[in-house]
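Asker: Please find one structure pasted underneath; my questions will follow.
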Amino acid sequence: MLQRHVQLFPTCAEIASHASHEVARIAAEAVSARGVFSIALAGGSTPKMLYTLLAEHPTLRNSLPWDKMQVFFGDERHVGPGHADSNFQMTTDSLRPLIRASLTYSLSSTSSMLDRVRRMKPAVRKVPSVITGST
């Protein structure tokens, strides 16, 4: 059974900073163990801070295995991918130069949710079924 460890941070910026280092650590471990790192991104102001740190902080940006990342979008609004309210748009604005489009999977589009899930299903099946250790 996984042990849970709760950490509290006084500001969103501190959460984003801590999370950015955890993403880098877990990504390195995943690539070392399986050759790929899969991550599901969310929307919102705090995740946006995280994505900006990953993209702009030189040490983090250079340490992440961008070419071995599978990026999924698990928190999307029912709007088109270029819409101002799209979480996909927000994350790709931050990370697009760094992530390979061929390894990016999104539910974002103008088609029905069922059609989008059907298109993503083969990609999700390829993701290793692994639960990482607690931090």
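Asker: If you take the residues of region 34-76 that are aromatic (Phe, Trp, Tyr) and touching a helix residue (DSSP H, G or I) at 6+ places or on another chain (Cβ under 6 Å), which of them is farthest from LEU95 (Cα to Cα)?
Answerer: PHE37
Asker: While we're looking at this one, here's another question. Please determine whether any residue of region 5-22 is part of a helix (DSSP H, G or I), closer than 20 Å to PRO65 by Cβ and either in contact (Cβ under 8 Å) with a residue 60 or more places away in the chain or more than 19 Å from the chain's Cα centre (by Cα) (or both).
Answerer: Yes, that holds for at least one residue.
Asker: Tell me which residues, restricted to region 25-48, are surrounded by 20 or more Cβ atoms within 10 Å (Cβ to Cβ) and in a helix (DSSP H, G or I).
Answerer: Within region 25-48, ALA27, ALA30, PRO47 qualify.
Asker: Within region 49-63, how many residues turn out to be within 21 Å of ASN87 (Cβ to Cβ), out of contact with any Leu (no Cβ under 7 Å at 6 or more places or on another chain) and surrounded by 14 or more Cβ atoms within 10 Å (Cβ to Cβ)?
Answerer: Adding up the residues that qualify gives 3.
Asker: Does region 87-101 hold any residues that are modelled with pLDDT of 75 or more and in a loop (DSSP other than H, G, I, E, B), and which are they?
Answerer: Listed by number, the list holds a single entry, LEU98.
The values are calculated or read from the model by the stated rules, or taken from the named source; none is laboratory data. Just so it is clear, the structure is predicted and the values come from calculations on it, not from any experiment. Cβ sites come from the backbone with ideal geometry, for glycine too, and all protein chains shown count toward neighbours.
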